[in-house]
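Right, one structure below, let's go through it.
The values are calculated or read from the model by the stated rules, or taken from the named source; none is laboratory data. Remember, predicted model here, so these are calculated numbers, not experimental data. Note that each Cβ is placed from the backbone with ideal geometry, even for glycine, and that neighbours are counted across all protein chains shown.
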Amino acid sequence: MLKFRKKSKQVQPENWSRFRRWRYSRPFTGSLWLMVSGILVLWGPITLFRLAIVPGSTIWAGLLIGALLFLMGLLPLLVPSYALMAGAIGVVLSLISLPVGGGGFVIGMILGLIGGALSVSWKPTVYRLRSDSSSTSSSTS
């Protein structure tokens, strides 16, 4: 009886190294926490969306704050040079989310504060070019 091997599509190591390089060139962790925070803040107002048309309702504000939090998490992933601005706005939006959207069950507010702080504190890694050893050696005369 012949056995046929099924070709499995395995992830090549160079694909992981490419993702790792991309991840290290951006405030990945801070952005991730800000996006999770935005989803948690959006959760409450989305479940109450049918009450958004009631006069005096602040559900629309919760939707706006949650969507902006998510966008402030997405922005540094796409444009890493905006990490400082997006992180600072994310911290302010996280604090505003407590009275407006319930803070995403308070966990969303805390994750937003942590993610914003991580985005603000992120610095890009600069690798120095290797210098040729012959050009740096000093001549003794």
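I'm told Leu51 meets every condition in (1) over 30 Å from Val126 (Cα atoms); (2) at pLDDT 80 or above except one. Can you identify the failing condition by its number?
Leu51 satisfies all of (1) over 30 Å from Val126 (Cα atoms); (2) at pLDDT 80 or above except (2).
When residues of segment 27-63 are filtered for being outside any helix (DSSP H, G or I) and farther than 15 Å from Phe105 by Cα, how many remain?
8
Go through segment 43-90 residue by residue and tally those that are out of contact with any Ser or Thr (no Cβ under 9 Å at 6 or more places or on another chain) and in contact (Cβ under 8 Å) with a residue 60 or more places away in the chain.
Number satisfying all stated conditions: 2.
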